[in-house]
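In what follows, a structure is listed as structure tokens, so that the remarks can point back to it.
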Amino acid sequence: MTALVLRQDGPGTETVPGPPRRLLGLVVALVVLVVLLVLSVMIGSTAIGPSVVWDALFHSSAGIDQFAIRDFRLPRTVVGLVVGVALGLSGALIQALTRNPLADPGVLGVHAGASFAVTVAVGLLGVRDAQGYMWFAFAGALVVTLLVLAFGSTRQGSSPVVMVLAGVCVGAVLGGAREALQLTDPDAFDAMRNWNAGSIAGRPLEVVWPILPFLAVALVLAFAVSGPLNALALGDELAVAQGVRLVHTRVLAVIALTLLAGGATAIAGPIGFVGLMVPHVARWIVGPHQRWIFAYSVLLAPSLLLVSDILGRIVMRPGEIPVGIVTAFVGAPVLVALVRRKKSSGL
């Protein structure tokens, strides 16, 4: 018999899947992700059969198709996996931290900080390649989030509401400064046009490896604070009564989401809707348990990103649509449908 638990969410009582059903859903999500990883390698401007993919990956066969798989499609798929995991988990973290189901990493100024730093690197320092401005993006995201954390601190500790307001203000200022800087030399910023649109195409694995240790640390931190974040959802007073250290928990959560969102933005540029929508879907499936929401977000977010990337390759063959644009088209209607469901929009 499938285990079910009851939770109260406003008026009325509703059922939430118990651990066996949640675990089964997690297995299904993993299988879907594996299938999408395979399809991402096979589908492009031209379709490549499974046997060619197998030869390219395991037999080092020579040929145009094998070269395309090893040098373009496989790195692109790995980038989609890494960036999707980082965006999904950072979105779940910030929604839990701020107790705001409509929050995403952009509200803390992560995207604005990264974009401004890349603009400075390209416009003033002459950096033109992804490996070069990746570190500027990462550093910009980190610096801006630390500023927001400082601005959001009160005498009672870090306030989620004040942090969100500080993030929006800092993001608006940096966004305006970035646009002004880009207008001074439009030709110089052609190099970052795809990055600004949010894209996982053309990113070599050399861009991913340096960021992985930071993402691994953030992953550990995120799951470490998932329990205290469950208590924070009940309010600060009840969380303190349960022994939660508010400032400690919030600082660790902010560090984790900054490393995740900053790393993802550094690699692929600002990609919206993934970190906003995926935690909604996870919460709709498993209820308000943060550890399960985080686990589902880690699997569902790269699936969404890979689906969007595959659609972007197919719709305009032989051209492509950047994945950041596709996620907006895919995510907007789904998010509207989800937030209209009270069960999925509440924390």
- Message: If the requirement is being farther than 15 Å from residue 91 by Cα and at pLDDT below 85, which of these qualifies: 341, 313?
- Response: 341
- Message: Criterion first (in contact with an Asp or Glu (Cβ under 6 Å, 6 or more places away or on another chain), surrounded by fewer than 24 Cβ atoms within 10 Å (Cβ to Cβ), among the small types (Gly, Ala, Ser) and modelled with pLDDT under 90) does residue 346 satisfy it?
- Response: yes
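Mind listing whichever residues of the range 243-279 are touching a Pro at 6+ places or on another chain (Cβ under 7 Å) and surrounded by fewer than 24 Cβ atoms within 10 Å (Cβ to Cβ)? Outline the logic, then answer.
The initial filter retains those residues of the range 243-279 that are touching a Pro at 6+ places or on another chain (Cβ under 7 Å), namely 244, 249, 257, 261, 275.
Listed by number, the residues that qualify are 244, 249.
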- Message: Name the single residue that is farthest from residue 98 (Cα to Cα) among those in the range 176-222 being out of contact with any helix residue (DSSP H, G or I) (no Cβ under 6 Å at 6 or more places or on another chain) and aromatic (Phe, Trp, Tyr).
- Response: 209
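Okay, residues lined up against (1) in a helix (DSSP H, G or I); (2) within 22 Å of the chain's Cα centre (by Cα):
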position: 227; (1), (2): yes, yes
position: 230; (1), (2): yes, yes
position: 244; (1), (2): no, no
position: 249; (1), (2): yes, yes
position: 254; (1), (2): yes, yes
position: 259; (1), (2): yes, yes
position: 262; (1), (2): yes, yes
position: 266; (1), (2): yes, yes
position: 270; (1), (2): no, yes
- Provide a single number: the residues in the range 125-152 that are more than 19 Å from the chain's Cα centre (by Cα), closer than 19 Å to residue 181 by Cα and either surrounded by 24 or more Cβ atoms within 10 Å (Cβ to Cβ) or at pLDDT 80 or above (or both). 2
- Query: Between a first residue in the range 276-297 that is over 21 Å from residue 336 (Cβ atoms) and a second residue that is modelled with pLDDT of 90 or more and of a type in the set (Phe, Trp, Tyr), which pairs have beta carbons less than 8 Å apart while being 6 or more apart in sequence or on different chains?
  - Reply: 286/292; 286/296; 291/223; 294/223
- Query: Can you tell me which residues in the range 284-308 are surrounded by fewer than 22 Cβ atoms within 10 Å (Cβ to Cβ) and closer than 25 Å to residue 269 by Cα?
  - Reply: 307
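Among the residues that make up the range 278-287, is at least one of them part of a loop (DSSP other than H, G, I, E, B), closer than 22 Å to residue 37 by Cα and either among the hydroxyl-bearing types (Ser, Thr, Tyr) or under 17 Å from the mean Cα position of the chain (by Cα) (or both)?
Initially, the range 278-287 is screened for residues part of a loop (DSSP other than H, G, I, E, B), giving 287.
Still in the running and closer than 22 Å to residue 37 by Cα: none.
No: zero hits.
Between 122, 110, which is at pLDDT below 85, buried (at least 20 other Cβ atoms within 10 Å of the Cβ) and touching a Lys or Arg at 6+ places or on another chain (Cβ under 8 Å)? Give the derivation first.
Numbers: 110 fails: touching a Lys or Arg at 6+ places or on another chain (Cβ under 8 Å).
Sole residue among the options that is at pLDDT below 85, buried (at least 20 other Cβ atoms within 10 Å of the Cβ) and touching a Lys or Arg at 6+ places or on another chain (Cβ under 8 Å): 122.
Within the range 309-323, is there a residue that is buried (at least 24 other Cβ atoms within 10 Å of the Cβ), touching a strand residue (DSSP E or B) at 6+ places or on another chain (Cβ under 8 Å) and either in a helix (DSSP H, G or I) or among the hydroxyl-bearing types (Ser, Thr, Tyr) (or both)? Let's see the steps before the verdict.
Step one: list which residues in the range 309-323 are buried (at least 24 other Cβ atoms within 10 Å of the Cβ), which gives 309, 323.
Filter once more, keeping what is touching a strand residue (DSSP E or B) at 6+ places or on another chain (Cβ under 8 Å): none.
Within the range 309-323 (the criterion being buried (at least 24 other Cβ atoms within 10 Å of the Cβ), touching a strand residue (DSSP E or B) at 6+ places or on another chain (Cβ under 8 Å) and either in a helix (DSSP H, G or I) or among the hydroxyl-bearing types (Ser, Thr, Tyr) (or both)), the answer is no, since none of the residues qualifies.
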- Task: Could you give me the residue pairs with C-beta distances under 8 Å whose first residue belongs to the range 16-32 and is at pLDDT below 80, whose second residue is polar (S, T, N, Q) wherever it lies, and which are 6+ apart or on separate chains?
- Result: 17/2; 18/2
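So in the range 53-64, with the set limited to residues that are surrounded by fewer than 18 Cβ atoms within 10 Å (Cβ to Cβ) and not aromatic (Phe, Trp, Tyr), which one is nearest to residue 134 (Cα to Cα)? Spell out how you get there, then give the answer.
Of the residues in the range 53-64, the ones surrounded by fewer than 18 Cβ atoms within 10 Å (Cβ to Cβ) are 54-55, 57-64.
Narrowing further to those that are not aromatic (Phe, Trp, Tyr): 55, 57, 59-64.
Working: 55: 32, 57: 28, 59: 33, 60: 30, 61: 32, 62: 32, 63: 31, 64: 29 Å.
Result: 57.
From 174, 181, 215, which residue is crowded, with 20+ Cβ neighbours inside 10 Å and either in contact with a Ser or Thr (Cβ under 8 Å, 6 or more places away or on another chain) or not in a helix (DSSP H, G or I) (or both)? Working first, answer last.
Values: 181 fails: crowded, with 20+ Cβ neighbours inside 10 Å; 215 fails: either in contact with a Ser or Thr (Cβ under 8 Å, 6 or more places away or on another chain) or not in a helix (DSSP H, G or I) (or both).
Within the list 174, 181, 215, the selection yields 174.
Only one residue in 330, 240, 334 is crowded, with 17+ Cβ neighbours inside 10 Å and outside any loop (DSSP other than H, G, I, E, B), so which one is that? Full working, then the answer.
Details: 240 fails: crowded, with 17+ Cβ neighbours inside 10 Å; 334 fails: crowded, with 17+ Cβ neighbours inside 10 Å.
One residue alone meets the criteria, 330.
The values are calculated or read from the model by the stated rules, or taken from the named source; none is laboratory data. Keep in mind the model is a prediction, meaning the values are calculated, not measured. Virtual Cβ from ideal backbone geometry, glycine too; neighbours counted across all protein chains shown.
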